[in-house]
Amino acid sequence: MRTTLTLDDDVAILLERVRKQNNATLKDVVNTALRGGLAAMSKPAQARTAFRTRTFRTGKCLVPSIESIADALSIAEGESYR
């Protein structure tokens with residue numbers, strides 16, 4: 001089958017590089033790349049394992065209320081924060 005493709009610059013550069021390395025024709029390189037890529041795209045996605053974050057107790061909250069920034073800073077940094 002004969003068709004026309006418009007390639008992005010980065011893809012054209014990679015194809016040319018592979019073509020030179022393998023001393024192959026552009027047609028062979030494109031067909032090989034498409035076969036491999038289409039085969040990979042046709043495979044079902046692998047099941048991923050769930051990521052779990054371990055939890056731990058941090059203890060009692062040291063700041064009774066964070067509604068007042070001044071109160072929170074005085075507890076965290078002492079009264080000299082001003």
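The values are calculated or read from the model by the stated rules, or taken from the named source; none is laboratory data. Keep in mind that this is a model prediction, so the values were computed, not measured. In this analysis, Cβ positions are derived from the backbone assuming ideal geometry, glycine residues included, and neighbour counts consider all displayed protein chains. When the accessible area is computed, the model is the full protein with side chains, heavy atoms only, and any ligands, DNA or RNA have been set aside. Shrake-Rupley method; radii C 1.70, N 1.55, O 1.52, S 1.80 Å.
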Any pair with Cβ under 9 angstrom, 6 or more apart, that starts in the range 17-38 at a residue that is more than 17 Å from LEU7 (Cα to Cα) and ends at one that is open to solvent by 70 Å² or more (accessible area, probe 1.4 Å) and of a type in the set (Ser, Thr, Tyr)
ASN22/THR32; ALA24/THR32
Determine which member of the set THR53, THR25, THR4 is modelled with pLDDT of 90 or more and under 28 Å from the mean Cα position of the chain (by Cα).
THR53
Flag for ILE75 being open to solvent by 90 Å² or more (accessible area, probe 1.4 Å), more than 26 Å from THR6 (Cα to Cα) and β-branched (Val, Ile, Thr):
no
Consider ARG19 against the criteria (1) open to solvent by 100 Å² or more (accessible area, probe 1.4 Å); (2) in a helix (DSSP H, G or I); (3) of a type in the set (Lys, Arg): it satisfies all of them except one. Which criterion is unmet?
(1)
Over the range 39-71, the set of residues part of a helix (DSSP H, G or I) and either touching a residue at least 40 places away in the same chain (Cβ under 8 Å) or β-branched (Val, Ile, Thr) (or both) is ILE69
